[in-house]
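First up is the structure itself, then whatever we jot down about it.
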Amino acid sequence: MSDYTLNTANNLADLALAEAAASGEDKIVDQVNELLGASSQSLAEAYATAIRVRRAEKRARALLAASAAKRGA
């Protein structure tokens, strides 16, 4: 996969997640994926991966923060 595709997917993932957080509408993330899939399967796959990675990172950071808070760090 090209650097352009990965960079574009990462940028779109950041924008979509920010818009979902600001608007309270998580559907925007899926709508962007559908739009991308209609035009570029490679970009849609890279975008979906970027979304999953960011969501997993968020959950992991929350778990670590909760653990640190429990022990008073």
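Throughout, read-outs are computed from the coordinates displayed, never taken from laboratory work. Bear in mind the structure is a predicted one, so any value in this text is a computation, not a measurement. Glycine also receives a Cβ, built like all others from the backbone with ideal geometry; neighbour counts cover every protein chain displayed.
State all residues of region 16-30 that are in a helix (DSSP H, G or I) and either surrounded by 13 or more Cβ atoms within 10 Å (Cβ to Cβ) or touching a helix residue (DSSP H, G or I) at 6+ places or on another chain (Cβ under 6 Å) (or both); if no residue qualifies, say none.
Of all residues in region 16-30, those in a helix (DSSP H, G or I) come to 16-23, 27-30.
Scanning region 16-30 gives Ala16, Leu17, Glu19, Ala20, Ile28, Val29, Asp30.
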Testing Glu57 on (1) surrounded by 11 or more Cβ atoms within 10 Å (Cβ to Cβ); (2) assigned to a helix (DSSP H, G or I), one condition comes back false. Which one is that? (1)
When you check Tyr47 against the structure, is it surrounded by fewer than 16 Cβ atoms within 10 Å (Cβ to Cβ), of a type in the set (Phe, Trp, Tyr) and in a helix (DSSP H, G or I), yes or no? no
Which condition from (1) loosely packed, with under 13 Cβ neighbours inside 10 Å; (2) among the small types (Gly, Ala, Ser); (3) part of a helix (DSSP H, G or I) is the one that Ser42 breaks? (1)
